Amino acid sequence: MKILKKILVFLLVVLVVAQFFGPEKNDGDLATVAIFISETNPPEDVKRILETTCYDCHSSKTNYPWYNNITPVNFWLDEHIADGKKHLNFSKWSEYSLKRKEHKMDELYEEVEKGEMPLDSYTWTHTDANLTEDQIAAVVAWGKKVQGDYKLQMIAK
């Protein structure tokens, strides 16, 4: 029994010390999505949907929940954010080629339409990110229009 107690005390000490370490925060400026917004011109309802459901993981600015201060949860969140930005980063929209923008818009509305975005793990704690059928339809319609615009631009080149 003494060995179990020593192991538990050791684990507790490790957990407490770990609280002083964490990943670098995604604390950029949300103004970095301005190019994406001006180029894709989402209607106000879609703009709000993007703000509440997408930007935390797909831009340079994350609004962190209180539990991000707990290690190892903060590392888990950091991994999700890094993965999200790897797939689509609205803050780097200006760096994407026309073909890549067209493809990203296709993926964006398809993921939303299939219910794969936003992730369940995100909507569990961000209830305002649970999209209604009308919100999904609005994102899909806007996404298809923007994707079509990019296709036309590619043909014109």
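Every number in this text was worked out from the coordinates using simple rules, so none of it is lab data. Computed from a predicted model, the values in this text were never measured in an experiment. Methodologically, a virtual Cβ is constructed for each residue, glycine included, from the backbone with ideal geometry; neighbour enumeration extends over all protein chains shown.
Explain nothing, just the number: relative contact order of the stretch 66-157, from Cα pairs under 8 Å at least 6 residues apart, as a whole percent.
The value is 34 percent.
If each residue of separation counts as 0.36 nm, what is the full-extension length gain between Ile35 and Val140 once their alpha-carbon separation is subtracted?
Gain on extension, Ile35 to Val140, equals 35.8 nm.
Using 26 Å as the Cα-Cα cut-off, could you pick out the over-long pairs in Lys86/Lys144; Lys47/Lys101; Lys85/Lys157; Lys85/Lys114; Lys114/Lys151?
Lys85/Lys157
Would you calculate the volume per residue, in Å³, of the smallest convex hull containing every Cα atom of the chain?
Cα convex hull per residue, to the nearest whole number: 129 Å³.
Running a GNM on the chain with Cα contacts under 10 Å, which residue among Thr132, Thr62, Thr32 ends up with the highest mean-square fluctuation?
In this elastic network of the chain, the residue with the biggest mean-square fluctuation among Thr132, Thr62, Thr32 is Thr132.
Normalising by the residue count of the stretch 2-156, find the relative contact order in percent from Cα pairs under 8 Å and 6+ residues apart.
With pairs under 8 Å counted, the relative contact order is 27 percent.
Over the Cα atoms of the stretch 105-157, Rg to Rh with Kirkwood Rh, two decimal places?
A ratio of 1.12.
Pairing the Cα long axis of helix 133-156 with the longest principal axis of the chain, what angle in degrees results, from 0 to 90 and rounded to the nearest 10?
Here the helix axis deviates by roughly 60 degrees.
Provide the FRET efficiency to the nearest 0.05 for the Ala82-Arg48 pair, computing r from the beta carbons and using R0 = 25 Å.
Rounded to the nearest 0.05, the efficiency is 0.50.
What FRET efficiency comes out for the pair Thr123/Lys92, r = Cβ-Cβ distance, R0 = 25 Å, nearest 0.05?
That gives a FRET efficiency of 0.50.
What full-extension length gain, to one decimal in nm, is calculated for Met154 and Lys5 as 0.36 nm per residue of separation minus the Cα-Cα distance?
47.0 nm
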